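Here the structure comes first, spelled out in structure tokens, and everything after it is commentary.
The values are calculated or read from the model by the stated rules, or taken from the named source; none is laboratory data. Note that the coordinates shown come from a computational prediction; the quantities given were computed from them, not determined experimentally. Backbone-built Cβ (ideal geometry, glycine too); neighbour counts: all protein chains shown. In case anyone asks, the SASA skips ligands and DNA or RNA and just uses the protein heavy atoms, side chains included. Shrake-Rupley method; radii C 1.70, N 1.55, O 1.52, S 1.80 Å.
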Amino acid sequence: MRTARAIAQRELAASFRGLSGWIIIAVYLFITGVVFAVSALTPGEPASLRSFFGAAGWLLLPVAPAISMRLLSEEFRSGTIEMLLTSPVGGWSLVVGKFMAGMTFLLAMIAPTAVYPLILRIISDPPPDMGPVMSGYLLLILMGGTYLAIGTLASALTSNATLAFLTTFFAILIGLFAGLAGQFVPDVFKPVVYEFSVSARAADFARGVIDLSHVVFFAGFSAVCVAGAAVAVELRRWS
Amino acid sequence: MIEVDRIHKSFGPVRAVQGISFAVEPGKVTGLLGPNGAGKTTTIRMIAGFLAPDRGKVTIQGHDTIDQPLAARRLIGYLPETVPMYPEMRAREYLTYRCRLFGLGRPDRKKAVGWALERCRVADVADRRIGTLSKGYRQRVGLASVLVHNPPVLILDEPTNGLDPTQIGEARSLVTDLARDRTLLISSHILPEIERLCGRVIIVAGGVVKADGPVDGGGTGWGIAGGGRTVVVSVKVSKAGDEARLRALFASMPFVASAQAGKAEPAALRDGFQQWTLTCNEGGVDAKDAIASAAFANGLIVRELRSEAPSLERMFMRAIESDGAAA
């Protein structure tokens, strides 16, 4: 795990050294900030963060793939993967390190939004219910983590970052619309399709309900994707 | 100590490496030489553990690169031909990062980085971003980065690529120095470079080893037909038929691979002497002595008798063209 941490720290430092990391965070905070201001701070509106969490969740659709797309594909493209794979670093440590870097970036991006519920607490009377706020943040982190894990897998499969972005984007899109698509598939497949419906699970969280099965789904699906990425990286030696 | 045992590697229909075996001992620089596309880089990548061989195995100080990958890789410092590094990192940061990948503890890192920077003469650019460095500096920072954990085995793929003659000279003394207590394998397609850097050369072409032996003998000991020394002898020829008799005499000597007579023109045939160039096979016989005594026994008058080591270039060409060449 020490090597995974070294890899994560290097990756994170690189994403903050260029402009792109800052731009992603700035855009994310700007849009969620506008949504918050319009929906919750406007007089007459209820002191709820429902719209904010809706926007924050949907924004992860383009943002998470943008964070993850270069994680491994950039190493393949630039050839630095050769230095990593000839170091005493297992594929698992490498991929976990990359995923950790993505997660840390995600948390750094989401963390400043914590001022919105604080503002609401101060200015609104009665103060907002903190239950849905907590579950909303948990959902954001779980969803973001799952998206990043899908993105890490996509990035481990190609040296083309654009391709990794698009693959991740559409995979997430399928998850988001699985509920909708579920209405049109034969009944036998319905449970399977609904299982992958991110929207259905998100709806539960929005009500302030933390269902452990949802947590297990997001965490488990992420673990499978990250493990798949580790296998994909190790298989390169046998290509 | 690197041991390569009958490794094979194919990429789709391309059989890049077809059963290469050799062992590299510490103490001297070993060169892997071959034309472009010979399988050098694929071989080196399998030794470094970047690629897994389809068949055969590689061991580093006794550790199999597939069964004990982390133990084997810990012992290797491997610099790929393209010297891939992160352009946004400073040289010192990158070396520290490499230390962490190799599990060096925090107290050891600073010392190791300082030592490697000093050793490769890049201390003056330690705080510059790698992306802004010149090719020569980049190459040396790359070398420092694979040296930083002080590995007992160093593998350098085309290490003098892009260096100017002064830098090549420096690289040469550094490499020779490093080889003193390390196993050092270098690949190159440039013959004079191998000649200057290495004590031993392994020639590969078409995915197989064509020759393997010391460099300074100019190709002796490589086990190639006609790979021995060249003897130049000038013999007096006075009457017709002498040339044919000489040819028969040389042909009867078992150590002579081929005999070539100088042209029998007046200029070449000065004072009636004809110069012959004999290419000898490798062997224990001192060709000069044997030729001298044969000349004495046959009553020949010899004016010149000298032997020359074969040139490495001739041997290189011979090795590449030798049997089984697929290239």
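Each helix, a run of at least 4 DSSP H residues, gives -39500 (n - 2.57); summed and divided by the residues of the protein assembly as shown, these come to -16500 deg cm²/dmol at 222 nm. Cα axis of helix B:165-179 to longest principal axis of chain B: angle in degrees, 0 to 90, nearest 10? The angle comes out at about 80 degrees.
Working note: Debye formula, equal point scatterers on the alpha-carbon atoms of chain A, no solvent; log10 I(q)/I(0) at q = 0.15 Å⁻¹ is -1.03. The fraction of all Cα pairs in the range B:1-136 landing in successive 5 Å bins from 0 to the largest distance is 2, 9, 16, 17, 16, 15, 13, 9, 3, 0, given as whole percents. Dimensions of the range A:94-181 based on its C-alpha atoms, expressed as ranges along the principal axes with the largest first, amount to 52, 34, 19 Å. Average the reciprocal distances over every distinct pair of alpha-carbons in the protein assembly as shown, invert the result, and give the Kirkwood radius in Å. When all Cα pairs of the protein assembly as shown are included, the Kirkwood radius is 28.4 Å. By the combined test of axial Cα extent (at least 20 Å) and Kyte-Doolittle hydropathy (mean at least 0.5), the qualifying DSSP H helices of chain A come to A:19-40, A:50-68, A:91-110, A:130-157, A:161-176, A:212-235.
Legend: P(r) of chain B from all alpha carbon pair distances, 20 Å bins from 0, whole percents, reading 28, 44, 22, 7, 0. Over all pairs of different C-alpha atoms in the range B:1-80, the reciprocal of the mean inverse distance, the Kirkwood hydrodynamic radius, equals 12.8 Å. Taking label points 7 Å from Cα along the Cα-to-Cβ direction, A:LEU212 and A:ARG17 give a separation of 4.5 nm. Full extension of the chain segment joining A:LEU118 with A:VAL192 gains 22.7 nm, where the gain is 0.36 nm per residue of separation less the Cα-Cα distance.
A 1.4 Å probe run over chain B, with the rest of the protein chains in place, finds 45 Å² accessible per residue. Its residue count N sets the reference 2.2 N^0.38 Å, and the alpha-carbon radius of gyration of the range B:60-169 equals 1.06 times that reference. At an R0 of 22 angstrom, the distance between the Cβ atoms of B:ARG129 and B:THR82 translates into a FRET efficiency of 0.75.
What residues of the range B:120-148 lie in the reach of a label at B:THR166, counting those whose backbone N is under 15 Å from a point 7 Å from the Cα along Cα→Cβ? From the range B:120-148, the list is B:121-122, B:134-137.
Neighbours of B:HIS189, meaning other residues whose beta-carbon lies under 15 angstrom from its beta-carbon, give a summed charge of -3 when Lys and Arg score +1 and Asp and Glu score -1.
Between B:ASP212 and B:ILE203, the built amide H atoms are under 5 Å apart, and every one of these is 5 or more places off in sequence or on another chain. When only Cα pairs below 8 angstrom with a gap of at least 6 residues are kept, chain B shows a relative contact order of 19 percent. Based on protein heavy atoms only, chain A ends up with 46 Å² per residue of surface accessible to a 1.4 Å probe. With the convex hull drawn over the C-alpha atoms of the range B:115-176, the volume per residue is 87 Å³. Using only the alpha-carbon atoms of the range A:19-145 as identical scatterers, what base-10 log of I(q)/I(0) does the Debye formula give at q = 0.12, 0.14 Å⁻¹? The Debye formula, applied to the Cα set alone, gives -0.54, -0.68. Projecting label points 7 angstrom from Cα along Cα→Cβ for A:THR42 and A:LEU180 puts them 2.4 nm apart.
Per the accessible-area calculation with a 1.4 Å probe, the total area buried between chain B and chain A rounds to 2600 Å².
Annotation: Cα Rg of the range A:124-239 relative to the compact-globule expectation 2.2 N^0.38 Å equals 1.26. Counted over all Cα-Cα pairs of the range A:160-218, pairs farther apart than 18 Å make up 46 percent. All other residues whose Cβ lies under 10 angstrom from that of B:HIS8 are scored, Lys and Arg at +1 and Asp and Glu at -1, for a net of +3.
For chain A, the relative contact order works out to 26 percent when only alpha carbon pairs closer than 8 Å and six or more residues apart are counted. The Stokes-Einstein estimate for the range B:82-228, based on a Kirkwood radius over Cα pairs and taken at 20 °C with 1.002 mPa s viscosity, is a diffusion coefficient of 129 µm²/s.
Give the percent of DSSP beta bridges with both residues in the protein assembly as shown that are antiparallel, rounded to the nearest 5. The answer is about 70 percent antiparallel.
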